[in-house]
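*Asks:* Okay, here's the structure, questions in a sec.
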Amino acid sequence: MDVWWAGPNAAHEGLLPLLDPVERGRYEATVRAADRARFLVGCALSRLVLGELLGLPPARVPLRRVCPRCGGPHGKPRLDMPGSAEPYDFSVTHSGEIVGVAVCRGAEVGLDVEEADSPVDVALAARTALAAPELAALNTLPPDDRKAAFLRTWTRKEAVLKALGAGLALPPRDLRLSPPDARPTVLSWPEGLPSPPPATAITDLLAETPATGPHPAAVAVIGHSGARLAVQARHFEERRLPQARCAHRAQKSP
């Protein structure tokens, strides 16, 4: 699994021609300049990476942005290549000064990052996001340790929900995970799912670019081969696009 990180400072007008009409419309409708920059970098980075993997110009990568619930031009973006021999899935995330993209072949992927130094009302957020056993375990920690533990659990949950394509349409409290200091594992799935998902792997990450410090992040893959994920981080500002390679490499679990 390769994950690419970038910062909003990578945004520039030269990336705008890579966007399709739907993306350009969302970009122009976004009011805050910082939000526009994050959206532009996320779209451009996705297209650059997918274009390299598919052998297509980035602007010609066929993406579909349709919400499965309301039909609007939002929700998890997907490749629109029916019957393709290279069925890649990808996930985009951003928080503050960092943007990330993960790409996977033959399985569903979700990526999440959270700013380590952002102000968080941990007590309030935890009551909304954590299952009762998770909340009880969090409250046993020293107060100074609770924010980092909460963000670790939250990034894992968000990654899994994004891999499902559900986002926050499913209550995070209904997805129960292993403790933040243990190997990330799904202990119980939300009842709203039609059936339990196939094999799932979650890997903790530290997201970092040359302009930012490390931030907690996680990537989840649903429908993988059953082996632990090996993740290699790449930085958009520092790299030339690699040759097409499968972004889903694995190593045997111990």
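*Asks:* How many residues does the stretch 1-43 contain that are assigned to a helix (DSSP H, G or I) and either in contact with a Phe, Trp or Tyr (Cβ under 9 Å, 6 or more places away or on another chain) or surrounded by fewer than 21 Cβ atoms within 10 Å (Cβ to Cβ) (or both)?
*Replies:* So the answer is 24.
*Asks:* Does Leu168 satisfy being part of a helix (DSSP H, G or I), under 30 Å from Ala10 (Cα atoms), modelled with pLDDT under 90 and within 14 Å of the chain's Cα centre (by Cα)? Outline the logic, then answer.
*Replies:* Values: part of a helix (DSSP H, G or I): yes; under 30 Å from Ala10 (Cα atoms): yes; modelled with pLDDT under 90: yes; within 14 Å of the chain's Cα centre (by Cα): yes.
Yes, satisfied.
*Asks:* Hey, among the residues in the stretch 90-110 that are outside any strand (DSSP E or B) and of a type outside the set (D, E, K, R), which one's surrounded by the most Cβ atoms within 10 Å (Cβ to Cβ)? Write out each step before concluding.
*Replies:* We begin by selecting, within the stretch 90-110, every residue outside any strand (DSSP E or B); these are 96-97, 106-107.
Going one step further and asking which of them are of a type outside the set (D, E, K, R), we end up with 96, 106-107.
On the way: Gly96: 17, Gly106: 14, Ala107: 22.
Looking at residues that are outside any strand (DSSP E or B) and of a type outside the set (D, E, K, R), I get Ala107.
*Asks:* Is it true that some residue in the stretch 46-56 is modelled with pLDDT of 90 or more, of a type in the set (Ser, Thr, Tyr) and under 20 Å from the mean Cα position of the chain (by Cα)?
*Replies:* Within the stretch 46-56, one or more residues are modelled with pLDDT of 90 or more, of a type in the set (Ser, Thr, Tyr) and under 20 Å from the mean Cα position of the chain (by Cα).
*Asks:* Moving on to the next point. Considering only the stretch 112-122, I want to know if a residue exists there that is in a strand (DSSP E or B) and crowded, with 20+ Cβ neighbours inside 10 Å.
*Replies:* Among the residues of the stretch 112-122, at least one is in a strand (DSSP E or B) and crowded, with 20+ Cβ neighbours inside 10 Å, which makes the answer yes.
*Asks:* Okay, moving on. Just give me the residues in the stretch 123-148 being more than 21 Å from His215 (Cα to Cα) and either acidic (Asp, Glu) or buried (at least 19 other Cβ atoms within 10 Å of the Cβ) (or both), in sequence order.
*Replies:* Matches in the stretch 123-148: Ala131, Glu134.
*Asks:* Would you please name the residue that is farthest from the chain's Cα centre (by Cα), looking only at residues in the stretch 67-126 that are among the β-branched types (Val, Ile, Thr) and either farther than 19 Å from Ala166 by Cα or modelled with pLDDT under 85 (or both)?
*Replies:* Selected residue: Val122.
*Asks:* Got a sec? Which of Arg38, Arg32 is in contact with a strand residue (DSSP E or B) (Cβ under 7 Å, 6 or more places away or on another chain), more than 26 Å from Gly106 (Cα to Cα) and modelled with pLDDT of 90 or more?
*Replies:* Of Arg38, Arg32, the one residue that is in contact with a strand residue (DSSP E or B) (Cβ under 7 Å, 6 or more places away or on another chain), more than 26 Å from Gly106 (Cα to Cα) and modelled with pLDDT of 90 or more is Arg38.
*Asks:* A further question follows. What pairs can you find where one residue is in the stretch 138-153 and assigned to a loop (DSSP other than H, G, I, E, B), the other is buried (at least 16 other Cβ atoms within 10 Å of the Cβ) and at pLDDT 95 or above, and their Cβ atoms are less than 6 Å apart, with a gap of 6+ or different chains?
*Replies:* Leu141/Ala149
*Asks:* Quick one: would you say Thr153 is over 16 Å from the mean Cα position of the chain (by Cα) and at pLDDT 90 or above?
*Replies:* no
*Asks:* Could you list, in sequence order, all residues of the stretch 182-214 that are touching a helix residue (DSSP H, G or I) at 6+ places or on another chain (Cβ under 8 Å), closer than 21 Å to Cys104 by Cα and among the acidic types (Asp, Glu)?
*Replies:* Answer for the stretch 182-214, where residues must be touching a helix residue (DSSP H, G or I) at 6+ places or on another chain (Cβ under 8 Å), closer than 21 Å to Cys104 by Cα and among the acidic types (Asp, Glu): just Asp204.
*Asks:* Also: Which residue is surrounded by the fewest Cβ atoms within 10 Å (Cβ to Cβ), if the candidates are limited to the stretch 202-254 and must be of a type in the set (Asp, Glu) and at pLDDT 50 or above?
*Replies:* This residue is Glu237.
*Asks:* Further question on the same structure: Looking at the stretch 97-112, I want the residues that are more than 20 Å from Phe150 (Cβ to Cβ) and have a partner that is among the aliphatic types (A, V, I, L, M) and part of a loop (DSSP other than H, G, I, E, B) with Cβ atoms under 7 Å, at least 6 apart or on another chain. Which pairs are those?
*Replies:* That search, which allows pairs on different chains as well, returns Glu97/Ala211; Ala102/Met1; Val103/Ala247; Cys104/Met1; Cys104/Ala247; Arg105/Ala247.
The values are calculated or read from the model by the stated rules, or taken from the named source; none is laboratory data. Since this is a predicted model, take the numbers as computed values, not measurements. In this analysis, Cβ positions are derived from the backbone assuming ideal geometry, glycine residues included, and neighbour counts consider all displayed protein chains.
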